[in-house]
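Following: one structure in structure tokens, then a few remarks.
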Number of protein chains: 2
Amino acid sequence: MGFVAGVEAIVGAGYVKRDAESLERYGTDALKRGHPADLVVLPADTREIAAVVRLCNEHRVPVVPRGGGTGYTGGSVPVEGGVVLGLDRLNRILRIDEESLFAVTQPNVITGDLQDAVERVGLFYPPDPASLKECAIGGNVAENSGGPRAFKYGVTTHWILGLEAVLPTGEIVRTGGKTVKNVVGYDLTHLIVGSEGTLAIVTEITVRLIPKPPVQATLRATFPSVEAAVGGVTGLIGRRVIPAALELVDGTCLDAVAKYLNVTSLAPPGTAAILLIEVDGLSELVTGEAARVEEACRAAGASEILRATSEAERQELWRVRRELSTSLKVITPLKYNHDIVVPKGRIPELFQLVERLKRDYRLRIPCFGHVGDGNIHVNIMVGPEDLDEQARAHAAERVLFEGTLALEGSISGEHGIGFAKAKYLGLELTPDVIELMKRVKRAFDPNGILNPGKIFPNGDPGALPIAD
Amino acid sequence: MGFVAGVEAIVGAGYVKRDAESLERYGTDALKRGHPADLVVLPADTREIAAVVRLCNEHRVPVVPRGGGTGYTGGSVPVEGGVVLGLDRLNRILRIDEESLFAVTQPNVITGDLQDAVERVGLFYPPDPASLKECAIGGNVAENSGGPRAFKYGVTTHWILGLEAVLPTGEIVRTGGKTVKNVVGYDLTHLIVGSEGTLAIVTEITVRLIPKPPVQATLRATFPSVEAAVGGVTGLIGRRVIPAALELVDGTCLDAVAKYLNVTSLAPPGTAAILLIEVDGLSELVTGEAARVEEACRAAGASEILRATSEAERQELWRVRRELSTSLKVITPLKYNHDIVVPKGRIPELFQLVERLKRDYRLRIPCFGHVGDGNIHVNIMVGPEDLDEQARAHAAERVLFEGTLALEGSISGEHGIGFAKAKYLGLELTPDVIELMKRVKRAFDPNGILNPGKIFPNGDPGALPIAD
């Protein structure tokens, strides 16, 4: 029996796709630089996944797990061809334990749906990547996704208690468990989280939950400079406030959103940055924290402070942030979106670096992001046909990464390396660390069949058939 | 040049100990079942550690890193002899960054000293193992230590941003960084945390800090049954309260403490369990949360609720908890201390299991612990000379572990496996997972020189010269 017939015998012929449209669709993600799959396989459950993987391992066929396909670094792109294992059918929440505060879910549940389900019983799963209406929780696990609430609540890895996963050699394993405390053997759970689908295929996820904060307050403060906005952040931390969300949007972004929404302005004249701040918790806490936030922003020189008094007003304040990614397209349709991160105290220096890049490389670089975490999305905007601007952008991105590392930061806080940033891995990690990671990879995947060409700088993304 | 002369050339002869007292002292930990070191080496810094480790690797000499020596499972015991690498001289806090909220410390800083240092500048490092006045932060990293505050704040791993470490092959590596968000390559940081000194020797630790909660309230509630106390816990979580500490102490423990302190009773007659509850945060929050705690405990049938109105009263409420370990010695000087953990909702069943063990095996088993995490310290008390009772205790501990796993729990929530629990590893982990962990071990330590005989069930603790 040939390889394809073997796969069909496992999952059923109806769940093996070879039409051009499927191969193309399962061959790209939000990075929009893809490579068509050779075969798309849609298994029903863990056992089918294990059987397909064993077959791939025997035949040395690359296998690439795929959830929502919303990643920004090509993590689910089959850059070396082979099988794309679409987890589409593993889309059920298996259990919500209201007393012990955890949920068990399959990987292809949409993150926002999981949040809605637990919130209906008064519980809360905090991580909130911007794509939460489309991304799969399994993809969040693969990339260790963040989001606005990370400053108070941490990132995905902090909420994962245990996993079921299929190893590249076909074994089904369980790591971690259903408790926060567990020190039995190595912490494979949090090694697999963030490994971008290169160590194991996650087939079941146990997430920790907490009681849903009953009340929230949302504020928007406008500032005459980025430095003043960062001063507001420092001031509110100094006042012992830990906001659930703490977002900064710079003036260039604001102008783009205003243009996109066809309004004159979204903030008072002279606004160079806004902070969006949300505090949550018991009502008595929220009242006090909101007052301290206002105080901190005023002390830092805010020109205007708005506080939502209804859910509609709250949504209106968040609108600027939500429309951002789409709005930037009014500048130009193509952006190189970098999710760099620096220690919070270095953010003013990071913005100085961006100003230098704008000037030296003649680029448009709107910035926004999770300022409490030091995680700023630096969007280098380029004309899709402007090869000169693209070359300048690539030159600038290397300087951006080097500058970020000089500020004690990291070249990726949320999106991972995938294949898009693989060539920059050596900027941040020494050869000894990269070699150690490769040995860990081989401990999981001796034949290198699982999601090859990712993370490590040996792929050749430039040669991909589907160019950006 | 011989091996010892080689070590002396690296660290200086004065920092190499071979006297019987040193070999013995560096050969035991709080488990009190040791094995003398062949050589105690006290390096000055990371470079000396790397040089010593390279030499050990060349000569295939086991090397065992050691911090405070307060572990309960023999993690720092040189069960196969060789070099004990005492980190005593790496005892400085290198940096506290008040703006970016992190600290960088050497591994042998006492955890409590680190907490005091950051609290002096208004910051907070939450993890608080019971031994915090004696244990080293490096040991906390090795064992992923917990403590009472874990319910609200998580365990050590949640507070570690980055590490410098020496690999068993002698390379000096840096993992993670100085930001919460970092998804560049595999998360080696949190793989090394909890690896019990078997993957790498941690030489520098970057910990995350938060603003110190300005106010706290401490309450003690007494209950007529363990079930009622657990009902109080469920009730306060249902009221959206997340206490900083949430400790349960059972009646047997209370009696022991009363006897130790030479008082008639520490609680109203008929008390079968007490809860110690501490809430912290902004003052407006703490007031509201404390009221909800009282409400929840009263609704669950508490017979008495006390609230500390001064620091002296707070210390008095905590006294029972603090005197516990020492007090249990009034029952008998030897205890088998098990740090099992179950999902919070299964705690009543866990206590039913303990009652069965007490009866079926005729044992004294006082229990206390971190009830919010489901992490209960089950202390099986045995006479040091009573071999029959010890045999019954060992039989019971296997039933305890199996029962814990049947309740979806874990056999160790805080203390790790070391060599003491290695033979039970296979109860919780499947052979496939253990094999995977061994491959990860080999990826770090191809010659198996780093802390051999730990975690994996191939050592022979029964044959150790220093018996309990």
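The values are calculated or read from the model by the stated rules, or taken from the named source; none is laboratory data. Computed from a predicted structure; not experimentally measured. Every residue, glycine as well, gets a Cβ built from its backbone with ideal geometry; the counts of neighbours run over all protein chains shown. All accessible areas refer to the heavy atoms of the entire protein, side chains included, with ligands and DNA or RNA removed. Shrake-Rupley method; radii C 1.70, N 1.55, O 1.52, S 1.80 Å.
Some observations on this one:
- For the range A:261-301, accessible area lost to neighbouring protein chains reaches 40 Å² or more, against the chain alone with a 1.4 Å probe, at A:L282, A:E284, A:L285, A:R292.
- Normalised by the number of residues in the range A:332-421, the average gap of Cα pairs under 8 Å and 6 or more apart makes the relative contact order 41 percent.
- Extending 7 Å from the Cα toward the beta-carbon at both B:V4 and B:R359 defines two label points whose distance is 5.9 nm.
- Peptide-level mean, for B:373-382, of C-beta atoms on other protein chains within 10 Å: 1
- Taking the average, over residues, of other Cβ atoms within 10 Å as the packing measure, peptides B:184-190, A:44-50, A:287-293 rank B:184-190, A:287-293, A:44-50 from highest down.
- Accessible area per residue in Å² at 1.4 Å probe, computed on the protein assembly as shown: 35 Å²
- Using a 7 Å projection from Cα along Cα-to-Cβ, the label point at B:E311 is separated from the same position in the remaining copies by 4.6 nm, smallest value first.
- Fraction of accessible area attributable to carbon and sulfur, the range A:199-321 (%, probe 1.4 Å): 51 percent
- Taking the Cα centre of the range B:215-326 as reference, the dipole from Cβ charges on Lys and Arg (+1) and Asp and Glu (-1) amounts to some 80 debye.
- Sorted from nearest, the other copies put their B:R298 label points 3.7 nm away, the label point being 7 Å from Cα in the direction of Cβ.
- The helix-only estimate of mean residue ellipticity at 222 nm for the protein assembly as shown, built from DSSP H runs of length n ≥ 4 each weighted as -39500 (n - 2.57), is -10500 deg cm²/dmol after division by the residue total.
- DSSP bridge analysis restricted to the protein assembly as shown gives an antiparallel fraction near 90%, rounded to the nearest 5.
- Two-site FRET efficiency, B:E402 against B:L306, from Cβ-Cβ distance with R₀ of 45 Å, rounded to 0.05: 0.75
- Relative contact order, percent, the range A:1-152 [alpha-carbon distance under 8 Å, six or more residues apart]: 19 percent
- Acute angle (nearest 10 degrees) that the helix A:283-299 long axis makes with the longest principal axis of chain A, alpha-carbon atoms: 60 degrees
- Sorted peptide list for A:405-415, B:253-263, criterion being average Cβ within 10 angstrom, highest first: A:405-415, B:253-263
- Accessible area buried at the A-B interface, both sides summed, 1.4 Å probe (Å², nearest 100): 6900 Å²
- Element breakdown for the range A:332-421 at a 1.4 angstrom probe: carbon and sulfur atoms account for 53% of the accessible area.
- Share of carbon and sulfur in the accessible area of the range B:108-182 stands at 48%, probe radius 1.4 Å.
- Relative contact order, percent, the range B:39-121 [alpha-carbon distance under 8 Å, six or more residues apart]: 28 percent
- Rounded tilt (10° steps) of A:431-444 against the dominant C-alpha axis of chain A: 50 degrees
- Drop in accessible area of at least 20 Å² in the complex versus isolated chain, residues of the range B:331-348, 1.4 Å probe: B:V341, B:P343, B:K344, B:G345
- Inter-chain Cβ neighbour average for residues B:93-105, partner chain, 10 Å: 3
- Angle of helix B:46-59 to the longest C-alpha principal axis of chain B, folded into 0 to 90 degrees and rounded to 10: 70°.
- Charge dipole of the protein assembly as shown (Cα centre as origin; +1 on each Lys and Arg Cβ, -1 on each Asp and Glu Cβ, all else neutral): 0 debye, rounded to the nearest 20.
- For the segment B:426-437, counting C-beta atoms of other chains within 10 Å of every residue's C-beta and taking the mean gives 5.
- Dipole magnitude (debye, nearest 20) for the range A:3-88, charges at Cβ of Lys, Arg, Asp, Glu: 160 debye
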